[in-house]
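Below is one structure; the comments refer to it alone.
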Amino acid sequence: MTALSTVDRAIQEDIKEFIAREALAVDERRFRDWLDFLAEDITYDVPLRVVREGLAEWELSPTGRIFQDNKQTLEVRVRRLETDFAWAEQPPSRTRHYVTNVLIDDSEKTGEYEVTSYCLIYRSRGDSIEPNFVSVFRKDLVRRVGDSYQIARRWAAIDQAIINAHNLSIFI
């Protein structure tokens, strides 16, 4: 990898705006719109962080997952949020995704871009005075589709091993 991206600056700005609009759709609970940001063949993978001693071979479980979704399972999750049966989201979460340190590089395929970012998610619920914060390192594969983009892969590693929340029913 080079010190500076070789991706055209106009494309970088377009992808950064795309990522910001994707986060806005989630924060505004426009989950049907959010699904349009995702490719039909998306993989949505959030590995489980484990606490290991010293120089352990890995901090992220090679097999354990918090989420391991595709477009169909994400659509099921969205449909469930639209019912009275999403008890983990009663009352609904209010979130803000603060996406920073967005870096964009070419991938091996033309029209696809490797996008890394940090994401701090602020979450509040009901009348609770205790918000949750989730810090995440994300690696996305963003694909050019016509005049826009879609996320073809989201891999997100949550920094905390123990998440200070009763559940994790939000989108990362």
Looking at region 76-112, which of its residues are farther than 29 Å from Ser128 by Cα and at pLDDT 90 or above? Asn101, Val102, Leu103, Ile104, Asp105, Asp106, Ser107, Lys109, Thr110, Gly111, Glu112
Test set (1) touching a Phe, Trp or Tyr at 6+ places or on another chain (Cβ under 6 Å); (2) at negative phi; (3) of a type outside the set (A, V, I, L, M) - Asn101 fails condition number: (2)
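Restricting attention to region 114-168, which residues are of a type in the set (Ser, Thr, Tyr) and closer than 15 Å to Asp27 by Cβ?
Scanning region 114-168 gives Tyr122, Ser124.
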Residue satisfying all of: in region 104-146; loosely packed, with under 13 Cβ neighbours inside 10 Å and aliphatic (A, V, I, L, M); farthest from the chain's Cα centre (by Cα) among these: Ile129
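What about Val115, is it at pLDDT below 95, in contact with an Asp or Glu (Cβ under 8 Å, 6 or more places away or on another chain) and of a type in the set (A, V, I, L, M, F, W, C)?
Spelling it out, it is not the case that Val115 is at pLDDT below 95, in contact with an Asp or Glu (Cβ under 8 Å, 6 or more places away or on another chain) and of a type in the set (A, V, I, L, M, F, W, C).
Each row is one residue, and each column tells you yes or no for (1) in contact (Cβ under 8 Å) with a residue 12 or more places away in the chain; (2) more than 15 Å from Ala156 (Cα to Cα).
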| residue | (1), (2) |
| --- | --- |
| Thr6 | yes, yes |
| Glu28 | no, yes |
| Ala39 | yes, yes |
| Thr43 | yes, no |
| Pro47 | yes, no |
| Glu59 | no, no |
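Considering only region 64-172, give the strands (runs of 3 or more DSSP E) lying wholly within it that have at least 1 residues that are touching a residue at least 60 places away in the same chain (Cβ under 8 Å) and within 17 Å of Asp45 (Cβ to Cβ). Write out each step before concluding.
Working: elements: 93-106, 112-125, 132-145, 148-158.
In region 64-172, 112-125, 132-145, 148-158 are the strands (runs of 3 or more DSSP E) which contain 1 or more residues that are touching a residue at least 60 places away in the same chain (Cβ under 8 Å) and within 17 Å of Asp45 (Cβ to Cβ).
The values are calculated or read from the model by the stated rules, or taken from the named source; none is laboratory data. These figures come from a predicted structure and were not determined experimentally. A quick note on method: Cβ atoms are made from the backbone with ideal geometry, for glycine too, and the neighbour counts reach across all protein chains shown.
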